[in-house]
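Just below is one structure, and these are the notes that go with it.
Derivation of every value follows stated rules applied to the coordinates shown; laboratory data play no part. All values derive from a computational prediction rather than experimental measurement. All Cβ positions, even for glycine, are placed from backbone atoms using ideal geometry, and neighbour counts span all protein chains on display.
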Amino acid sequence: MITTAVGNYPKVAEGAYSTKLIGTITKWQRKELSDAQLEDTCRGITRAVIQEQEQAGLDVLTDGQIRWEDLVTPVAKRLKGFEINGLSRWFNNNMYYRRPILDKAPVRTGPILVDDYRFASGCTKKPVKAVLPGPYTFVALCEDRHFKAQRPFVLKMAEILNEEAKALAKAGASIVQFDEPAVGFGKTNIALAIEALNIAARGVKAKTAVYTYFGALDGLFAPLMKAKVDLIGADLVSEPKTIQALKRTKITKELAIGCLDARNTKLESVRELHAIFRAVGRLVPLDRLYVNPNAGLEFLPHTQALAKLKRLGEAVRSYKR
Amino acid sequence: MLLTTSVGSLPKPDYLTKARTQARKGELDAKALRELEERATREWIRTQEELDIDIIVDGEQYRGDMVAYFAEYFSGFKTSELVRSYGNRYYRKPIIVGKVGRRKPVTVEWWKFAQGLTTRPVKGMLTGPYTIMDWSFNEYYPSRRAATLAIAQVVRDEAEDLERAGAQYIQIDEPAISTRPEEMDLAIEALGIVTKGLRAETITHICYGDFNAIGPKLHKLPVDQIDLEFANRNFELLDFFKKRGRFPKAVGLGVVDVHSHRIESTDEVIANLKKALKVFKPEQIYVDPDCGLKTRTPEEATQKLRVVVEATKAVREELFD
């Protein structure tokens, strides 16, 4: 089993790397601090977050997305064509993101996350994965005043994200992950989501992953197994039926299971985690199984987020088939 | 008919905002803070009387977050380290760590204080069980359902105490109800525990969310009046009610947007009220702002309330002619 995180991690930690980011951003917004000073604070926290993941024993790390306002803003604000708008609910959570508005054709004018990736991977000897919003989810979270149609927008975003994914792989990312929580909500055009993923992952010289979380994936795993990506992420915590849906699916790819609740502070026991490992171990060989929390850990206060990572490491180390 | 009211919170005057910060830092004692909270409450009640609002609120000058306030006074909760809500905004999210209960009534003393200042009815203001559950972490109850139903019993006790103290109107806010439409039945069941057999007129306020998903079950909410935001959706909600035939409950009609600095004109509110009168009967409508006004300045809030009253009076007069 390979232990990993999904994406974001608490940006503030009262008992560890402090809450200074809040004041730093406020001052930066008032132009009392320069971009370089903000960057310096973000890098310090990124380094601390990477160290915590190492100490928890994770095999594949993330940069914790310390600079990210949400999943879509970091990408939307660096592309031409978007304006960042008001708050919308972040799926079924009491948390909010800023909804980008597409006014004109989206254009990628240069790398988006490559510098951040290089910094993060330089902080550790362990592999750091690169995370991007998936094209289908990205579009679902935007207001479209340009294409006025889902399909051309999703396919265009797939091309743009493909360029970024290739750049991230070139910068050394051994895994490029696309987050697609939106496929689990509402009437999903899964064929379009997969067509877009195939474009986004095309020619990327790294392992490619698609992560789903929060929603109901019943009926979607079979089509997802046909997507041209290497690794499928499934949240087993939010929706109890998901494990049953997985059991009915012929798993032909590597699997990543979300087995700790990133949205509740209650700490899972080693025994509970072992039971999940056992159940999923019947579906996929353990060397093709990634284990992680069900989503980014930023929903949790820092102490509980770190406790979950440590518990994951502990459960994997003590697991005997 | 067409009684005017407010949704709950009103802005805190500067002196109170400063005092609350000082109290948090330990620079101001509880008694001194309490005096300022009473002063602000007195001022808001006088303002509402001067504006000639029919059903008064105490303005919640002594409350911060609508869930954290109850979590602080109920037993079974503790508070967390900071978690991010969006952008650079963080809050302390309550954690349920034990059986939820109540040492003594939480809101009754303030309600009595406010009602003692006016002969107009003052609403009792509670946060609903589903919202308290959804906006808290849960480490104690085995499920979201178990937590919600346990909280419902405690909120029920509070509602009974308010009624016994003389409250004619009791509002139980459920802004979280639209987060997970699949849990609407749970929210309905829990609210039923709170309101069962109460003689007071019961109200629930619902805001921000996917109205299409919850709308079809709205009439099942076990309250007499459902208060909704109409203004910030350009009164598009009226179409929903128009299509569905006569709505069996009273409707709280939000006619001014609480998120915008712009003060609506009396004429536009009159026009919107007349549109609403094509869908609802006059005796079915209560007129108020979209939501609590606490994010506006005291001046903006007063002006918006004045528009609510003036427009309503103009429409009432036409109806009598």
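(1) away from chain B (no Cβ under 14 Å); (2) under 30 Å from residue A:186 (Cβ atoms); (3) over 16 Å from the mean Cα position of the chain (by Cα): which one isn't true of residue A:131, the others all being true?
(3)
Out of the residues in region B:33-78 that are in contact with a helix residue (DSSP H, G or I) (Cβ under 7 Å, 6 or more places away or on another chain) and without any contact (Cβ under 8 Å) to a residue 24 or more places away in the chain, state the one that is nearest to residue B:94 (Cα to Cα).
The selected residue is B:33.
Given the options A:314, A:268, A:272, A:298, name the one that is within 14 Å of chain B (Cβ to nearest Cβ), touching a residue at least 12 places away in the same chain (Cβ under 8 Å) and out of contact with any Asp or Glu (no Cβ under 8 Å at 6 or more places or on another chain).
A:298
Whether any residue in region B:205-218 is farther than 25 Å from residue B:236 by Cβ, surrounded by 20 or more Cβ atoms within 10 Å (Cβ to Cβ), touching a residue at least 40 places away in the same chain (Cβ under 8 Å) and not polar (S, T, N, Q) is what I want to check.
Within region B:205-218, none of the residues are farther than 25 Å from residue B:236 by Cβ, surrounded by 20 or more Cβ atoms within 10 Å (Cβ to Cβ), touching a residue at least 40 places away in the same chain (Cβ under 8 Å) and not polar (S, T, N, Q).
Taking residue B:27 as the residue in question, decide whether it is out of contact with any Asp or Glu (no Cβ under 8 Å at 6 or more places or on another chain), on the phi < 0 side of the Ramachandran plot and acidic (Asp, Glu).
The answer is yes for residue B:27.
Within region B:79-91, restricting attention to residues that are polar (S, T, N, Q) and without any contact (Cβ under 8 Å) to a residue 24 or more places away in the chain, which residue is farthest from residue A:8 (Cα to Cα)?
B:79
Filter region B:107-149 for residues that are surrounded by fewer than 20 Cβ atoms within 10 Å (Cβ to Cβ) and of a type in the set (Gly, Ala, Ser); which is farthest from the other protein chains (Cβ to nearest Cβ)?
Among those that are surrounded by fewer than 20 Cβ atoms within 10 Å (Cβ to Cβ) and of a type in the set (Gly, Ala, Ser), it is B:116.
Enumerate the pairs (first residue in region B:116-137 and under 19 Å from residue B:99 (Cβ atoms); second residue anywhere and acidic (Asp, Glu) and part of a helix (DSSP H, G or I)) with beta-carbon separation below 8 Å, excluding pairs fewer than 6 apart on the same chain, so at least 6 apart or on different chains.
B:130/B:183
Pick out the one residue from B:317, B:268, B:283, B:299 that is touching a strand residue (DSSP E or B) at 6+ places or on another chain (Cβ under 9 Å), in a helix (DSSP H, G or I) and surrounded by fewer than 16 Cβ atoms within 10 Å (Cβ to Cβ).
Sole residue among the options that is touching a strand residue (DSSP E or B) at 6+ places or on another chain (Cβ under 9 Å), in a helix (DSSP H, G or I) and surrounded by fewer than 16 Cβ atoms within 10 Å (Cβ to Cβ): B:283.
So which residues in region A:1-40 are within 23 Å of the chain's Cα centre (by Cα) and away from every other protein chain (no Cβ under 12 Å)?
A:1, A:2, A:3, A:4, A:5, A:6, A:7, A:17, A:39
Taking into account only those residues within region A:183-209 that are in contact (Cβ under 8 Å) with a residue 60 or more places away in the chain and within 18 Å of residue A:150 (Cβ to Cβ), which is surrounded by the fewest Cβ atoms within 10 Å (Cβ to Cβ)?
A:185
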